[in-house]
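Below: the structure, in C-alpha cells.
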Ligand SMILES: Nc1ncnc2c1ncn2[C@@H]1O[C@H](COP(=O)(O)OP(=O)(O)OP(=O)(O)O)[C@@H](O)[C@H]1O
Ligand SMILES: [Mg+2]
C-alpha cells in the first residue's frame, strides 16, 4: 500500500514518440510521477523493477505485441496492482472492449482528450484510495471488532457485546433493547452461541406477530380439546425449549394476561398447558427483546414486576446514527457478503456514495444499510458502486426532500408526500397500500409506521403476513 505522501506513479506505453511526449508533459504538469516505455518489453522491464506504478496508460498496437498482452501479463501474473487504461484508434474499439473484459479500467479513443484522461486518472486515484482505506479498516477490524457476524468499532457497542459474552454462560435472563434493525436478534444469537446451551434448542417467538389466544397456545401449548379446533395435544414453545433457550422477541406487545403467565415461568420455572392442569417444569434460559418496553411500563401496559424479572441483564443497543464510525466497517462486510452471494467482484464504493451513507440517519439502522448495500450490489455492473445506484429513498433523503407528513396541518405538499391510490382498489387493498408505502417511507421501521398511522404494531405484522421469525 502506498504511503500518502508518495505521488501517484503513471507509466505511459506508446511507440509514437510525439504522442508519448505529449502525454508525458501533461501528466507531469498534473503533478504525478511519470515513467515511459515504447514497447511491451520495455514496459515489463519497468514494472518488474519498480513496484509502485499505480496507473498504466498503454497504446493498443505496439511494435512487439499489443496493450492486451501487457494487460494479460499484469493481471495474470499479478506483477502489480496497477490499473490499466487503453488508448486506441477509433477502428480498434472492439479490442478495447476486449481489454475491459480482461480487466482494464477504461479505454480512451485517439486523439486523446486530455481533460477526459485527467478525469479518468482522478477517478482511479480516488477509487484506489477508497479501496486502500477500506482495506486498512478491514485488517484493523479483524483484529478487534469482529464478534462473529456482529461488526462494530463503537466503544459503547463493544462494551455491550462484551457484557453479553460475559453473561452468556450464566442462566440469567437478558433483556435486549434497541430500535428496529440495531441487531437485537443478532446479539441474542451471540449469547446463545457462547453459552453451554449452544447445542440445545433455541426457540424464537415473535410476540407481536400473534394474537393473544394463539400466542398463549404457542408459548404454553394446549391439551386436546382445550378449545374448538384443538383436536390434539400441542406442545408449546416453552416446553420445546426445555434445556435450552427461548427468545421472546417484541415482548412489549404481549397482553397483561399472558404477561402474568410468563412471570410465573420466570419465577417458578413451571406452567400448565392451555386447558390442562398438569404442571410442567422446565429448565430454560429466557432472552427477551423490545424496542420500547420502558414506555409501556410507564403507561401501565407492561407489568413492572415482569419488567424487573426480565431486566436482570440489560443490553441497550445503540442506534446506527449515534455510531456512524461503524458505517464503513459494515459497508465493507456487506459488500463482501453480497458480492460473494451474487458472484460479483465489487471492490468498494465511491466517495459520493460513501458521503451520502455517512450523512444518513438510518431510521431502520443496520438492517436498512444492509438492504441498501444488497440492492446496490445486485444492480451494479461495475466494481465500484456509485451514488447513482443508491436506493431512491436514500437519494431523496440526501436531498432533504422527504419531510414527515403532519396530520394537523394542511400545506402544499411535495408529490413525494402523497400516496397515489387508484380508484379500482378495495378498501382493504387501499389500506394495505397505505401501510406498505408508509413502511417504505419509514425505512421499514414498524413502530414508527404504527405511530404515524395510529394503528397497533400487531396490525402491521398481520398485514405483513410475517407470522414467525426464525
Ligand atoms: N453490528 C452488526 N454487524 C453486522 N450485521 C448486523 C449488525 N447489526 C445488525 N446486523 C444485521 O442487520 C439485520 C437486522 O438485525 P436484527 O434482526 O438483529 O435487528 P433487530 O434489532 O432484531 O431488528 P427488529 O427490531 O426490526 O427485529 C440482520 O441482518 C443483522 O444480521
Ligand atoms: Mg428482531
Of all the residues that make up region 179-201, how many are more than 17 Å from the chain's Cα centre (by Cα) and either within 16 Å of ligand 2 (Cβ to nearest atom) or free of Cβ contacts under 8 Å to residues at least 12 places away in the same chain (or both)?
-> 7
Mind checking which residues of region 153-192 are in a loop (DSSP other than H, G, I, E, B) and closer than 21 Å to residue 369 by Cβ?
-> 153, 154, 178, 179, 180, 181, 182, 183
Just need a number here: residues in region 335-365 that are in contact with a strand residue (DSSP E or B) (Cβ under 9 Å, 6 or more places away or on another chain) and within 27 Å of residue 184 (Cα to Cα).
-> 3
Output yes when any residue across region 199-207 is in contact with a helix residue (DSSP H, G or I) (Cβ under 6 Å, 6 or more places away or on another chain), more than 25 Å from residue 158 (Cα to Cα), more than 11 Å from ligand 1 (Cβ to nearest atom) and in a helix (DSSP H, G or I), and no when none is.
-> yes
Residue 212 meets each of (1) away from ligand 1 (no atom under 16 Å from the Cβ); (2) at pLDDT 90 or above with one exception, condition (2)
Sort out which residues of region 280-293 are touching a helix residue (DSSP H, G or I) at 6+ places or on another chain (Cβ under 9 Å) and away from ligand 1 (no atom under 15 Å from the Cβ), and write them in order of number.
-> 280, 281, 282, 284, 285, 286
Scanning region 435-463 for residues that are within 24 Å of the chain's Cα centre (by Cα) and outside any helix (DSSP H, G or I), the one surrounded by the fewest Cβ atoms within 10 Å (Cβ to Cβ) turns out to be 444
Residue, surrounded by the most Cβ atoms within 10 Å (Cβ to Cβ), within region 169-191, restricted to residues that are under 19 Å from residue 308 (Cα atoms) and more than 10 Å from ligand 1 (Cβ to nearest atom) = 174
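The values are calculated or read from the model by the stated rules, or taken from the named source; none is laboratory data. All values derive from a computational prediction rather than experimental measurement. Positions of Cβ are backbone-derived with ideal geometry, glycine not excepted, and every protein chain shown enters the neighbour counts.
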